[in-house]
Structure formats: C-alpha cells, structure tokens
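To start, the structure itself, in structure tokens.
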There are 4 protein chains.
Amino acid sequence: MLRGLSGAGLGKLESGRQLIELAGRYGFQAVDLDARALVREYGLDGARELLAKHNVVLGSIGLPVEWRASESAFQEGLEELASHAAAAQALGCTRCCTYILPSTDEKAAHFMAVATRRLRQCAVILGAYGISLGLEFVGPHHLRERWKHPFIWTMEETLDWIAAIGEANVGLLLDAYHWYTNELGTEAIEALRPEQIVHVHLNDAPNVPVSEALDNGRLYPGEGVIDLAGFLKALDKIGYRGPVAQEILTAEAPNGTPEELAERSKKGFDLVFEAAGIR
Amino acid sequence: MLRGLSGAGLGKLESGRQLIELAGRYGFQAVDLDARALVREYGLDGARELLAKHNVVLGSIGLPVEWRASESAFQEGLEELASHAAAAQALGCTRCCTYILPSTDEKAAHFMAVATRRLRQCAVILGAYGISLGLEFVGPHHLRERWKHPFIWTMEETLDWIAAIGEANVGLLLDAYHWYTNELGTEAIEALRPEQIVHVHLNDAPNVPVSEALDNGRLYPGEGVIDLAGFLKALDKIGYRGPVAQEILTAEAPNGTPEELAERSKKGFDLVFEAAGIR
Amino acid sequence: MLRGLSGAGLGKLESGRQLIELAGRYGFQAVDLDARALVREYGLDGARELLAKHNVVLGSIGLPVEWRASESAFQEGLEELASHAAAAQALGCTRCCTYILPSTDEKAAHFMAVATRRLRQCAVILGAYGISLGLEFVGPHHLRERWKHPFIWTMEETLDWIAAIGEANVGLLLDAYHWYTNELGTEAIEALRPEQIVHVHLNDAPNVPVSEALDNGRLYPGEGVIDLAGFLKALDKIGYRGPVAQEILTAEAPNGTPEELAERSKKGFDLVFEAAGIR
Amino acid sequence: MLRGLSGAGLGKLESGRQLIELAGRYGFQAVDLDARALVREYGLDGARELLAKHNVVLGSIGLPVEWRASESAFQEGLEELASHAAAAQALGCTRCCTYILPSTDEKAAHFMAVATRRLRQCAVILGAYGISLGLEFVGPHHLRERWKHPFIWTMEETLDWIAAIGEANVGLLLDAYHWYTNELGTEAIEALRPEQIVHVHLNDAPNVPVSEALDNGRLYPGEGVIDLAGFLKALDKIGYRGPVAQEILTAEAPNGTPEELAERSKKGFDLVFEAAGIR
C-alpha cells in the first residue's frame, strides 16, 4: 500500500506543488490532486519532474463532473472530463473518485436511475484513458436524513450500484470513517476482491457514539477510536496494493501550519501502519 | 396498428387456444399469451397453425422472471427466460413486457440499482432472440403509497430508467390507463419516437376524479372517460405500428361469457378506432 | 425527408456560412458541417440565427475522432468529442457520422475488436448529448482490396457490427452509392426499421460495370444509373424522416462555381424526388 | 493456487465421479467438469458431498454454447446456458471457459463482430450467477493457417477483445502451452493484474522448434521444455490464487490407466511447483 495525502487535513495549502513537497518530505508516496491543473501550470514534463523529484505518484483525481444536479450541469462537466482523464493518464494516475451523499431532495429511485446512467457515461470516458472510477459510500448518520429522501450509504448497496452501472472500471472508494460509521468489521473488507477497491481513505473518529460521529468531525489517524490497524490489515490480507490517502474533513481548519499538520499526519500513519504490522 | 387481446377482460378463459379463437372471431389481429406454454401444448408447428388459422399473431409475452424479490427467485426465473424467448421468437413474437409498481417496501434507491441490473440481464437474454422488453409505468394514485417508499410511475421517469438500463431493445409499454392517471396529454405521446414504444395497452377509466381511479377499476375501451381517440391518433401520428392490446383489470370478474366479453371488446375497439379515424 | 447538402460536390467553398446560404437559396433544408467551428466563429446565438435565417437545420457532423490508427491518436481525438457533441446539440443536431474502409493493413479481426471498443466509447459520449452515431459502409469494389486485409463493406455486416458495439444510439449511414455498389435492392431497405438509419447520402454512379464504379467517381443525383427513385421510395415507405444529403466525391473538382453546382444539385434532387413521388 | 485436473490427460475416464476421486487421491484440489451433469446425476446435495468427500472444488465448467457457427446453433446453446451456470454456482464454481481458434473460414472482421456480441450475451448470463468467462488464446503455429483467414491468437489481441466485449466478468484463460507457443516471457504475465486471469492451464511442450509444437502434441508438466517454474512464479507474484488445471491434449490416448496417469500428473505438478518454490 502507498501512503497518500490529500489537501484535506493540511490547513490552507498554497498550491499543488506544496502538497507534493509536503508529501515527499514526510514520507508519503502518493498525493490526490487535480492532474490537469498541475499539467497546465508546469507543463507535462514539469509536472512529471515535480512528482519524480519528491518521489510521489498521483493517487487519484476527483471526478470533475456534477452528476447530482441538472442535466445541463452534467453535460458541461462531461465536456471537460476527457481532458482531465488524459492529464491524469499522462501523469501515471489510474484513479478518479467521487462520493455519494446518503440522502437527496430528489425522488430517490428516479435519481438513482439518472445517476446510474450518468456515472456509466463518466466511467466509459475514464476507461478510455485507463482510469477507474471509485465510488465512496458515506456513512455518518446525520447525513442520512439531511435531505428529504434516503439514498444509499452502505457498502453492499454501493456494490449493487456498481453492478448496475455495469462497467468493468468502477469500484469502491473505501473510507475508514464510512466503514466505521456503517459499523462494518474487518470481515466485510476480507470479503472483497482487491480489484473491487479503487481507492482508500484513512482517518479517525472521536470517542462519541457511532451515530453521532459527524462527517466533518474527523480526526487524524491514530488519534481516535477506529480500529485502523484492523482496517489496514484486512486490506493487506486481501492483496490491496493501492494508495491509502488521508482526508481529514473538519468543521474548522485544524491548528498549525501545513508543515506541522503534515508532520502530525506522518506520525498518525506511522502509528497505525506499525500497529497493523505493515511497513 | 394491430388490435390485440389479452386474457384480462374476457372472464375465465379455458386456454390459450380459446383466446386465439376469440381474437380471430372478433377481428383482433394479435394476442398476448405464454408462447412457451402454447408450443409445449401444440408443438411448434401446431402452435403456428393455430395462430395462422385464426389470422392472429403473437403480440407479446409476459416477462416470466421475478425481478422484484430475492436474488435467488430472480436467478430461478432467469434460468427459464431464454426458452420462453426462443418459443416467442419461433412464433414470430418480438415483445416481452413487465410492469413497474409505483411504490415498494424496499429502500427505493437500492431497489432501483438492483432492478436496473436485473432488467438489463433480462434484456440481454431477450435481445439474443430478437425480442424487445417493454416496461409499463403504472399510474393509479392509490398505488403510489400502497407500499412504504415511492418508486417511479411517470413516463419521464421510465424513459430515464430505460436509459439507465442501457440496452437498445428496452422501451415503454404505454397503457392508456396509466397515461390517463398520470394526466398526460397527446403531446407527451407525440414527443416519442415510435421505437421507444414496445407495446400498448388500451382500456378506459370510470368517471371519477383521476386521483381515485383504481388500478383494478378499469372499463372497456369507449365505456369511460379517457380520450382514447386522441391516444390512438397520437400513436398513429408518430408512426407506431405495433399491437394495441386490451387489458381490463377489474376487482371482480366481469359479467358475461368470454364470447360476450370479446364481442363487447370488439365494439369498444370499433368505437375508439373509428373515433380516431384509424381503420 | 429533408434535402441536405454537404460540402462535397459544391467545389471550393469559402466557409460554412456559404454552405448554409447556398442550401437555403436552392431549397435544401439541412447541411452537414462542423458544428463546433460554426459556434466558435459566430457564437451560439449567431450560429442559430444564421441557420434560422436560411431555413436550414444541421443534419450531421462528422466524427472528429481518428478511430482507425494508434491508441494515442484515438485518445487525442476523444478529448475533443464531447465539445463537438455539445455544440451540435446546442444547434439542434442529433447525428454524427463516420465511414468504414472496406479493407485494412491491420489484422482484420484484431482491428475489429479494437474498433468496436473505440466506437462504443465514442457512441457513449455522443449519447450523453442526445446524438446518434451513423456508420457508413463503403461499397466500391476497388477499395475492398486496396489495403492488405478485407474488413467489412456490406449492410448486413455493418448491422452485425452495430449489434456488437451494443449502444442504442448507433445505426447506419446509408449511402446510395454504397447501396448500389453492394448490389442491394429496395427490399434490403424495406427490411430496415427507420431507427436503424441515422443518416442518408444521395449521389449517383456512372454507367460502368458495378465492380468498376470508383469511390471518387460519383455523379450528381439523377445524372447516373442508380435507381434513386426506388431508393427514396423505400426510405419513405419504412418511415425514414431524416436528412438525405448530397455527398459527391470526385477525383477532380467539378466544373462550375459553388452557385452553379448548388443549382445543379437542386435540379438533381428535384428530379429524383419527383420520380419517387416525394415532395 | 489450486492444483487442478481436467479429463484431458487421464485416458478414458468412466465418469465425473472418477475424475473427482482421482483428483482427491493424488493431491489435486480442483477439477474441471460439467456441473449440470454432475448435479443431474447425484442431485445437488449428492454432488456437493461427492466434492467435499474428496476435498475437491469445481474449478471451471466449459462454455456449453456454440458461438462459432450459425445463429440458430448459438441460440439453441444459449437456451441451456443459465441452467449450466446455476448448477455451477450451486456447486461453488465461479469460472466458465472457452477457447479461440486462431483462424477461421469466415471473413475475420465480420466473425469478430458477431462473436463479440455473442460472447457478451454469454458473459451477461454467466454474470447473473456470479460466474466469470475465461477466453483461451491458442498459440500453436499450425492452427494459424489451418482455416482460411487469420483470426487472433496472442494475449494482447485477446485482452483487446475482452475490452471490446465490455463486461466486467470476462478475462483470460492462460494456458502455458499457448504462452509458450506465443513466445511470451514471464514479464508478460507480470504485466497482468490477477483479476484479468479467470483460469490457468498447465502442460508442457516437446523439444521441437516452437513453430512446430502441435496443439495436440502436449506433454505432462515437467516432461518438456516450457519454463513452467517461471510461469508459476510469475502467476504467484502477481497474486493469482485460482486453479491451475492440467489439460494434456494428445493425438493418441496416453499409455496407462487413469490411475497411473493421475499419478504421473501428480509427479509433474510436484516437480514444477517445487521448482517454482510454491507449496
């Protein structure tokens, strides 16, 4: 597995370059960022050199398409998707991820039908550039009733949705926080084949009842109550070899400079990877 | 268009043979029945002769797969689907239909995902035998809250679902009763391309508020308040040339012998086809 | 059916605007041209006004993706496809077409596999903008052995390929010249459903043995030996209502100004449409 | 990896039961046979007990559909596929395999289009029962010109075909003999992801020039010149954990009783697994 960083949890970063530098400095091997923006800023060769210089690969890009709103917003985003995918491919990245809100103001069944077709269209475009689409189920209980109708939030539902989308390059983004808030155990991970997992997020939860863990109340790995050692061990056991990226969503910006926060992240990763016996 | 009969609305029929005979006698050109059962009873040649003798073609078979319940029930039904499709094909039939209940006890979004995958699998099997799958949206208001969660019941939702299923041989079963209870006008039909319509049902509604029209409270064509002339004219205008089959669902069996009911059906069809100016 | 013009057969045109003007002036109702280029030159509103002013709609755009060569060339073209599709959609166009060379220097089976996947990816992108993909089989005999291995050139093969691609929005571009050089009769057209035809090309062939009719030796409609009246009648009979566009490929530029050639085209269309009894 | 036996290489077996018994007795963990026939003979419980008693699982069934000949032959086979798949699933089997002849009397491109659609239909049916479809490329040089037109025979071509088929549950059947006759090295295996491999065949080749190795001239593992240790090591390295089944095709039946031949097979497997350092 590759230790990864996203911008979430490092305070206010100035640039993708800073994220790459911090990742390299604190022993992370992958970063999640906007590939096309990086290529546009540094040129393709410049972007490659920047990553190589810091011994960092590109873990995942975010899906730059609004698939939850109007058809015209979707079509506008879709126009840009191939160029994002091409940039990611040129930088060696094979993952693109999006998340699923657990409730919706739309009629749930109809929204599912529309979203299935839209994500299939996204997946086909990404697939043309060798990129997989990871879908992140989102577990925190408060979001399940945040909007009018329940949508989906469990791993099983998400796997069923992936089957409905029907493209070979779609899989899970497995986030430790959502695994925890769904009250899943390690056996749920061990029941997966590694190719069903496109990407992994790592973060921790405060010591409150599971049903009260807030989506934007996340802690750094090792600072909370999630069995992250078990989580990582299960992933290792089934043969997952991709990135495991920190994504600390918080209501308020964490205290500290990006430098300090990256160091804190490193300590967290060291702690839980060591506990899992994975070096 | 072909005038068609199903068993619904003819009282208690003894056999498929009787349906075929009645259809032939009363000027119907198509029947909806179980193709495989007919072939098993009369042999392929016998079944073909029976249809030919009465100048009747096979309009549609019903989808013999339970796609709304457990996975094992689905798989069991799917085992039989190809042989049903092969029998239909051998008798020259190109349609297979199922209906969509407007509400469900399952979580709606998850059920939609599972059903999308299942209907896609059905469509692929049917397609191997040149058969299209027609999905019937069901409009009566009382069914929208009959089960725990709303599912889908409009034409637009169903078209979006067809796009999500993503197979070229899936389209609408357009039933006049559901068109009426959705309060659609002729312009909704005129906005369709004919290949989007796999099959059509014809029946009428009592003179009660639309929201009180019951699914099993249907009348014979011409005996109620639906603008069936407008319905048929719109279908004709866009170039629909397939069967238009009676399907009278009633709470209690209608009065009269099958013979009398078929004659009543003929009168109803004569009336509304004449009113539509279609011979 | 809509009478259509492409740039092929009008000599050296200065611009898309000129094509639109000539179409309008000589009674054509559709033009085939590059939608995105038009929008970029005149703005979306300007392009719409230009078309409206001349009573002309956009019949089809050409597929701007090189699907016959290297994977990287394919990917580069694919990056641009969605924006072409969006421009076409904005101008009300629902068709995008490409042609199939009858032979290839690649191993034929492998090339077919790769091309199937590529055209499926193109079709999915186009479908997101409501656009169908038309595949033109190419009949002239000399091209069947022009490259090392035979590929496909018949209507039946192309329909089988469309089924292999497996997307609902893929169909035929039916060109009278290729219909003729495949020695097909009107019954071959009458066996089609109208939705299987995405677009139609109209042009004529010289009075030479069919096997010697050259791909770039085409004549204006009515000036040659093809039964274009039968061709149009068959299309009308099955309910085809889309554009029928002239596309005169010639070894040397035809004599005459664009104005004169458009007039000549009009005469040819008048002749064969009248012979077909279609106004 | 699981050591597996098929009937090929054991002389004339009397029954599936005998294959299972021999597998159990000689340390094989999987067998390839007709699941439905086994269930029909012993009942579902009986078949499960038989496998369990001998510590053997069902590795793969053969695809019981003729996809290379007429459409009617294909449709007939397809009618039976779901029941084969259901029987396999009930016995815990997740694989179904077929092979690709390297040349064909059909026009190669058209045959590829038709076969792509047919195998997609097979894959969808198999997928409904949790079963993957493995495609075996066939390397021996003499078969490349055995029929009129070259088809495909390399691993790369087969992977491209799998992408064209476009279903997530289709992958390779990797046979050591075809790997060898395609002159592939271990790096070709190491470039694969394990989920791209549905099934593996193990057998050896005589010491003749590669181009003269005949498809039905195969040797038992360890008795020939193929680097089977390298082959197995590469599979192990990428994480392949499925069955590796012997399939010795020979022009004449091998000498010896099934008992003796199973023992010989065991020795061969011991030899090459040991050489590969895999216990």
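Taking the residues in region A:52-78 that are under 18 Å from A:VAL114 (Cα atoms) and part of a helix (DSSP H, G or I) as candidates, determine which candidate is most open to solvent (accessible area, probe 1.4 Å).
Going through region A:52-78, the residues under 18 Å from A:VAL114 (Cα atoms) turn out to be A:63-78.
Still in the running and part of a helix (DSSP H, G or I): A:71-78.
Details: A:GLU71: 57, A:SER72: 71, A:ALA73: 33, A:PHE74: 0, A:GLN75: 29, A:GLU76: 128, A:GLY77: 11, A:LEU78: 1 Å².
Ranking the candidates gives A:GLU76 first.
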Selection within region D:159-186 - buried (at least 23 other Cβ atoms within 10 Å of the Cβ), within 18 Å of the chain's Cα centre (by Cα) and in a helix (DSSP H, G or I)
D:TRP161, D:ILE162, D:ALA176, D:TYR177, D:HIS178, D:TRP179, D:THR181
Of everything in region C:143-159, what is of a type in the set (Asp, Glu), free of Cβ contacts under 8 Å to residues at least 40 places away in the same chain and closer than 20 Å to C:GLU106 by Cα? Give them in sequence order.
C:GLU157
Residue among A:TRP153, A:TRP147, A:TRP161 that is among the aromatic types (Phe, Trp, Tyr), at pLDDT 95 or above and closer than 23 Å to D:GLU167 by Cα:
A:TRP161
Matching residues in region D:256-279 - criterion: being in a helix (DSSP H, G or I), in contact with a helix residue (DSSP H, G or I) (Cβ under 8 Å, 6 or more places away or on another chain) and of a type outside the set (A, V, I, L, M, F, W, C)
D:PRO258, D:GLU259
Meets criteria (β-branched (Val, Ile, Thr), over 25 Å from D:GLU195 (Cα atoms), modelled with pLDDT of 95 or more and assigned to a helix (DSSP H, G or I)) for D:VAL39
yes
Among the listed residues D:ALA163, D:ALA109, D:ALA176, identify the single one that is under 27 Å from A:ARG120 (Cα atoms) and free of Cβ contacts under 8 Å to residues at least 60 places away in the same chain.
D:ALA163
Within region C:190-219, count every residue that is surrounded by 22 or more Cβ atoms within 10 Å (Cβ to Cβ), under 25 Å from C:CYS93 (Cα atoms) and among the hydrophobic types (A, V, I, L, M, F, W, C).
3
Going through region D:41-51 in order, the residues found to be open to solvent by 80 Å² or more (accessible area, probe 1.4 Å) and free of Cβ contacts under 8 Å to residues at least 40 places away in the same chain are D:GLU41, D:ASP45, D:GLU49
Residues satisfying the stated conditions in region B:220-255, i.e. surrounded by fewer than 21 Cβ atoms within 10 Å (Cβ to Cβ), among the aliphatic types (A, V, I, L, M) and away from every other protein chain (no Cβ under 14 Å):
B:VAL225, B:ALA229, B:LEU249, B:ALA251, B:ALA253
Just checking, does region B:129-136 include any residue being closer than 26 Å to B:PHE74 by Cα, of a type in the set (Asp, Glu), within 11 Å of another protein chain (Cβ to nearest Cβ) and outside any helix (DSSP H, G or I)?
no
So B:GLY139 fits all but one of (1) under 22 Å from A:GLU106 (Cβ atoms); (2) open to solvent by 40 Å² or more (accessible area, probe 1.4 Å); (3) not in a helix (DSSP H, G or I); what number is the exception?
(2)
A:ARG241 fails exactly one of the following numbered conditions: (1) over 30 Å from D:ARG193 (Cα atoms); (2) not in a helix (DSSP H, G or I). What is the number of that condition?
(1)
Between a residue in region A:130-142 that is without any contact (Cβ under 8 Å) to a residue 12 or more places away in the chain and any residue that is among the aliphatic types (A, V, I, L, M) and assigned to a strand (DSSP E or B), which pairs come within a Cβ distance under 6 Å, given they are 6 or more apart or on different chains?
none
Regarding region C:154-171, can at least one residue be identified that is aromatic (Phe, Trp, Tyr) and under 23 Å from C:ALA113 (Cβ atoms)?
yes
Suppose we filter region B:19-40 for residues that are closer than 21 Å to B:TYR220 by Cα and surrounded by fewer than 16 Cβ atoms within 10 Å (Cβ to Cβ); how many remain?
2
Would you check which residues across region B:91-114 are open to solvent by 30 Å² or more (accessible area, probe 1.4 Å), of a type outside the set (D, E, K, R) and more than 29 Å from A:THR154 (Cα to Cα) and list them?
B:GLY92, B:THR94
Looking at C:GLU106, is it more than 14 Å from chain B (Cβ to nearest Cβ) and assigned to a loop (DSSP other than H, G, I, E, B)?
yes
Note: among C:LEU22, C:LEU2, just one is in contact with an Asp or Glu (Cβ under 9 Å, 6 or more places away or on another chain), of a type in the set (A, V, I, L, M, F, W, C) and at pLDDT 95 or above, namely C:LEU22
Just wondering, is there one or more residues in region A:80-89 that are under 25 Å from A:ASP215 (Cα atoms) and either crowded, with 20+ Cβ neighbours inside 10 Å or within 11 Å of chain B (Cβ to nearest Cβ) (or both)?
no
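Would you say D:ILE100 is in contact with a strand residue (DSSP E or B) (Cβ under 6 Å, 6 or more places away or on another chain) and away from chain C (no Cβ under 14 Å)?
Spelling it out, it is not the case that D:ILE100 is in contact with a strand residue (DSSP E or B) (Cβ under 6 Å, 6 or more places away or on another chain) and away from chain C (no Cβ under 14 Å).
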Is it fair to say C:ALA262 is open to solvent by less than 30 Å² (accessible area, probe 1.4 Å), modelled with pLDDT of 95 or more and within 22 Å of C:ILE100 (Cβ to Cβ)?
no
Of all residues in region B:147-158, which are at the interface with another protein chain (Cβ under 7 Å from one of its Cβ atoms) and either open to solvent by less than 10 Å² (accessible area, probe 1.4 Å) or not in a strand (DSSP E or B) (or both)?
B:PHE151, B:ILE152, B:GLU157
Here are B:ARG144, B:ARG117: which of them is part of a helix (DSSP H, G or I), more than 9 Å from every other protein chain (Cβ to nearest Cβ) and open to solvent by 10 Å² or more (accessible area, probe 1.4 Å)?
B:ARG144
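The values are calculated or read from the model by the stated rules, or taken from the named source; none is laboratory data. The shown structure was predicted, so the numbers you read here are calculated from the model rather than taken from an experiment. Positions of Cβ are backbone-derived with ideal geometry, glycine not excepted, and every protein chain shown enters the neighbour counts. Ligands, DNA and RNA are stripped out before the accessible areas are found, and what is left, the full protein with its side chains, is counted by its heavy atoms. Shrake-Rupley method; radii C 1.70, N 1.55, O 1.52, S 1.80 Å.
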